[in-house]
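See structure below.
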Amino acid sequence: MRVTNRMLAITVERNMSANLQRMSRLHDQLSSGKTAARPSDGAVIATRSMAVAATLSRNQQFDKNINDALSWMQTTDLALADITGALHRIRETVLYAANDAHTIDERTALAEEVDQLINFMLETANSEYNGRHVFAGFNTTKAPYSRDGDAFDFAGNNGRMVYEVSPFAKVDLNITGPAIFGENGTQLFEQLIEIRDAILSGDTDTLSNSTLSKMDDSISNILAQRTSLGAKINRLEAGQQRLQAEGYNLKDIRSKFEDIDYAQKITEFKMQENIYQASLATAAKIISPTLLQFLR
């Protein structure tokens, strides 16, 4: 087949266009820092990038859930520690009131101290995290505990709040009032009122080993709840560390197939620029004679 000047010119033009496109793509990569500046530049890379981004977004939500759960549990644990401290103080008062002869003024002072500790426990039972009452079950917007004289009321419920903390794990983050203060939510408070009244009246029979046994049962129950809570906190902290490690790994993977090697791309761009300049020079040699022939 006879190769005409026009065919040569078309071939040169096509090669120049391809060289220019390669230069343009390298320029885009250098400008964006990415191997694919647009999804159309690399469908496989774009698909992988979106998959990694989706996993990172999901893990960020898990991390947020864990942070919220940890703060909730730590608030709960502090409240339980305060309640335990109050119970220990009441227990000491019971021992003191039961083993010694006291005047009415002394018994009144001891009973008043117990009553103040009961009020402290009630306030602590209404502890909040981020505007939500931690012992209220699902009814978190309203204080679960109230007192009217010697009568106590629990306005919460036994609702269990569950957070998703990984693709395969959920955690109960709350402890309800009945789990701490008895089945009806107020039993422990009622027992403490009986103790206060027994101290005031000097009723040593009520301030007996059975009373101490009940208090010890309550303290042991709270300790068990705190132990379980501590295990959950440790589990969540370990899970959070795994999520963070996975996040670093995913970002590194994404960087490897998304981000360019600048030194390599600059070298490629210079080479492509030289090729393009050479193609321009070649085109000038081929096209110029053709143009002169046309002018003649």
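Given H placed 1.01 Å from N in the peptide plane, which residues other than close sequence neighbours of VAL165 have an amide H under 5 Å from its amide H?
Here the answer is LYS170, VAL171, since their amide H atoms fall under 5 Å of that of VAL165.
Suppose each label sits 7 Å from its Cα in the direction of the beta carbon; what would the ASN158-ASN119 distance come out to in nanometres?
Reported label-point gap for ASN158 and ASN119 is 3.3 nm.
Along the Cα→Cβ direction, 7 angstrom out, place labels at ASP150 and ASP82. What is the inter-label distance in nm?
Between ASP150 and ASP82, the simple spin-label model gives 2.6 nm.
Lys/Arg Cβ at +1, Asp/Glu Cβ at -1, dipole of region 164-217 taken about the Cα centre: which of VAL165, GLN191, THR204 is farthest positive-ward?
VAL165
Output wanted: per-residue J couplings in Hz (rounded whole) for region 60-73, from phi through Karplus 6.51 cos²θ - 1.76 cosθ + 1.60, θ = phi - 60°, x for Gly and Pro.
Result, ordered by residue: 5, 5, 4, 5, 5, 4, 5, 4, 5, 5, 4, 5, 4, 5 Hz.
Given +1 on the Cβ of Lys and Arg, -1 on the Cβ of Asp and Glu, and no further charges, what dipole in debye does region 159-205 carry about its Cα centre, rounded to the nearest 20?
Here region 159-205 has a charge dipole of around 380 debye.
Output the relative contact order of region 52-253, whole-number percent, from Cα pairs under 8 angstrom with separation of 6+ residues.
26 percent
I need the calculated FRET efficiency for the pair ALA245 and THR47, taking r as the beta carbon distance and R₀ as 30 Å, to the nearest 0.05.
Working from the Cβ atoms, E equals 0.80.
Report the extension gain between GLU106 and LYS170 in nm, rounded to one decimal, defined as 0.36 nm multiplied by the number of residues separating them, less their alpha carbon distance.
So the extension gain works out to 17.8 nm.
Report the charge-dipole magnitude of region 52-253 in Debye, nearest 20, computed about the Cα centre from +1 at each Lys and Arg Cβ and -1 at each Asp and Glu Cβ.
Charge dipole of region 52-253: 1320 debye, to the nearest 20.
With only Lys, Arg, Asp and Glu charged, each at its Cβ (+1 for the first two, -1 for the last two), find how big the charge dipole of region 197-249 is about the Cα centre; round to the nearest 20 debye.
Roughly 480 debye for region 197-249.
If contacts are Cα pairs under 8 angstrom and at least 6 residues apart, what is the relative contact order of region 66-160 in percent?
After rounding, I find 22 percent.
Grab the Cα-Cα distance for ASP216 and GLU194, subtract it from 0.36 nm times how many residues apart they are, and report the gain in nm with one decimal.
Extra length from ASP216 to GLU194 when fully extended: 6.3 nm.
Sequence-distant or interchain residues sharing an amide H contact under 5 Å with ILE175, placed H: which?
Amide H to amide H, under 5 Å and 5 or more residues apart or across chains, ILE175 pairs with nothing.
Each reported figure results from applying straightforward, stated rules to the coordinates on display, with no laboratory input. From a predicted model like this one, the values you see are computed outputs, not experimental measurements. We place every Cβ from the backbone using ideal geometry, glycine too, and count neighbours over all the protein chains shown.
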